[in-house]
Structures are given as structure tokens and as C-alpha cells.
Amino acid sequence: EPEVTQTPSHQVTQMGQEVILRCVPISNHLYFYWYRQILGQKVEFLVSFYNNEISEKSEIFDDQFSVERPDGSNFTLKIRSTKLEDSAMYFCASSAVGAFTEAFFGQGTRLTVV
Amino acid sequence: EDQVTQSPEALRLQEGESSSLNCSYTVSGLRGLFWYRQDPGKGPEFLFTLYSAGEEKEKERLKATLTKKESFLHITAPKPEDSATYLCAVQASSNTGKLIFGQGTTLQVKP
């Protein structure tokens with residue numbers, strides 16, 4: 001069964017360092033997303049990406065964040081200068097031909113900023 | 001502002017004891033309502049999509065229903081393996097696929 005794959009599963013970084021979280025969406029999907037979940041809180045939308053550009057971003061997704069689809073299979077989230085409050089689970093998701101079909105999520109990357 | 005509220009926050013059931021989880025939403029133009037299951041430390045796992053009031057979907061012991069203001073996830077004769085957090089999410093009228101999640105209901109089913 002096709003699945004969304006995320007690496008690494010856990011990343012520990014020092015405050016102020018750059019991190020790149022990686023995702024391989026389901027192969028025939030066209031819409032890609034990043035969400036985050038701070039421990040004990042809701043899953044929050046960060047950004048959606050379609051046709052090689054950002055289609056929507058939340059207030060959380062400020063200038064410290066960027067996304068890229070460097071090739072035909074990978075989708076990355078970069079945080080340029082991490083803060084303690086960036087510690088969270090980050091989920092990548094993808095959906096098929098229309099934005100209104102269900103999104104499938106990866107298992108997440110747990111980011112810990114120390 | 002688009003908003004999703006789930007109740008109860010936590011629910012403990014005995015195996016075989018049926019119950020319902022509630023998801024209330026306010027959204028500017030509902031495109032779809034989604035139910036996901038989330039196990040600890042894992043990503044949300046898709047269960048159902050509902051698009052219009054009156055629609056119902058079933059999968060094993062789970063049945064989801066939708067009205068104009070809320071959705072219910074009915075769990076019939078649950079088993080311990082149904083223990084998880086159940087998340088409700090809505091897609092509003094924007095065409096970007098963005099999901100707005102509720103805080104979830106954590107279900108524990110005791111044998």
C-alpha cells in the first residue's frame with residue numbers, strides 16, 4: 001500500500017541551527033502539505049504546495065520556514081534558525097488529483113530543539 | 001473564524017460498550033469533513049470523508065454521520081484495539097486542501 005515516508009523520525013538540534021525535514025509523498029499525488037503538532041495540542045496547518053509553488057500558508061509559517069520540491073519525489077521543510085518553540089511533531093501529507101480528496105499523512109518527524 | 005470542537009476530550013469504555021464521539025464545526029463553506037485515527041507517536045490515519053449533510057460512511061465497527069453543524073463517530077461494540085485518539089478535521093471553501101483539526105477525543109477501550 002502506498003504511503004508517505006518521512007525522515008528522520010527524530011531530530012535533535014541546537015537553538016539557532018538550521019534543520020531540513022524530508023518527505024517522500026505518495027507517487028501519483030499532486031498536493032503536498034506540512035502540519036505540526038506540539039505535544040498535547042491540535043494538529044496545525046503550516047503550508048500547502050501545488051504545482052511547484054506555495055498555495056496557502058498559515059501565520060506560523062513565517063520567514064524562518066521554507067518548502068521545496070527539489071526533484072520528482074522529495075518534499076522538504078526547512079527551518080532556518082530553530083527556536084525552542086519549534087519543538088513539535090512535524091507531519092507531511094499528500095493528496096491526489098483534487099485538493100478535496102483525503103490527505104494521507106506520514107509517521108512524522110519529532111523535532112526537539114535544545 | 002473556522003473552528004472545530006470535539007467532545008468528549010477523553011472516553012473510557014468497556015469492551016463491547018457502544019458510544020459516540022462528537023465533532024462540532026463552524027466553517028465558511030464546508031468542502032469536506034474528515035475523520036482520522038491517531039495512535040501515540042504516529043501520524044493521523046485516514047478513516048472517512050463526508051461531504052454533505054445526511055451522508056453516512058461505515059468501516060468495521062465505526063460509522064460516521066454528518067449534519068450541517070456537527071458530525072458523529074459511532075463506535076459499535078468496541079475492542080481494545082480501537083483505543084486511539086480520533087481526530088476530526090474540516091476543509092473550508094478555499095481550494096488549497098488545508099485541513100482544520102479539532103483537538104481530538106482519546107478513546108480507551110478496556111477488555
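The values are calculated or read from the model by the stated rules, or taken from the named source; none is laboratory data. In this text, all values refer to a predicted model and were calculated from it rather than measured experimentally. FYI the Cβ positions are ideal-geometry reconstructions off the backbone, even for glycines, and counts take in every protein chain you see. Only protein heavy atoms, including side chains, enter the accessible area calculation; ligands, DNA and RNA are left aside. Shrake-Rupley method; radii C 1.70, N 1.55, O 1.52, S 1.80 Å.
The set of residues in region B:1-26 that are more than 16 Å from the chain's Cα centre (by Cα) and closer than 20 Å to residue A:103 by Cα contains only B:2.
Where strands (runs of 3 or more DSSP E) fall wholly inside region A:1-84, the ranges with 2 or more residues that are open to solvent by less than 20 Å² (accessible area, probe 1.4 Å) and aliphatic (A, V, I, L, M) are A:19-24, A:43-50, A:75-79. Of all residues in region B:86-111, those satisfying the criterion of being hydroxyl-bearing (Ser, Thr, Tyr) and closer than 19 Å to residue A:92 by Cα are B:86, B:96. Remark: pairs (first residue in region B:15-31, closer than 18 Å to residue B:103 by Cβ; second residue small (Gly, Ala, Ser) and in a strand (DSSP E or B); Cβ separation under 7 Å; 6+ apart in sequence or on different chains) = B:22/B:7; B:23/B:71. Summed over region B:66-111, the residues that are more than 10 Å from the chain's Cα centre (by Cα), on the phi < 0 side of the Ramachandran plot, of a type outside the set (A, V, I, L, M, F, W, C) and within 14 Å of chain A (Cβ to nearest Cβ) give a count of 8.
Each row is one residue, and each column tells you yes or no for (1) under 30 Å from residue B:9 (Cα atoms); (2) in contact (Cβ under 8 Å) with a residue 40 or more places away in the chain; (3) within 14 Å of another protein chain (Cβ to nearest Cβ); (4) among the aromatic types (Phe, Trp, Tyr).
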| residue | (1), (2), (3), (4) |
| --- | --- |
| A:29 | no, yes, yes, no |
| A:37 | yes, yes, yes, no |
| A:45 | yes, no, yes, yes |
| A:51 | no, no, yes, no |
| A:58 | yes, no, yes, no |
| A:64 | no, no, no, no |
| A:67 | no, no, yes, no |
| A:73 | no, yes, no, no |
| A:83 | yes, yes, no, no |
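Looking only at residues of region A:95-111 that are modelled with pLDDT of 95 or more and within 13 Å of another protein chain (Cβ to nearest Cβ), we find that the one that is farthest from residue B:31 (Cα to Cα) is A:110. Do the conditions hold for residue B:29, that is, is it modelled with pLDDT of 95 or more, more than 11 Å from every other protein chain (Cβ to nearest Cβ) and over 17 Å from residue B:106 (Cβ atoms)? No; evaluated as a whole, the condition is false for this residue.
Let's see how each residue does on (1) loosely packed, with under 15 Cβ neighbours inside 10 Å; (2) among the acidic types (Asp, Glu):
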{"site": "B:18", "(1), (2)": "yes, no"}
{"site": "B:38", "(1), (2)": "no, no"}
{"site": "B:42", "(1), (2)": "no, no"}
{"site": "B:56", "(1), (2)": "yes, yes"}
{"site": "B:60", "(1), (2)": "yes, yes"}
{"site": "B:77", "(1), (2)": "yes, no"}
{"site": "B:93", "(1), (2)": "yes, no"}
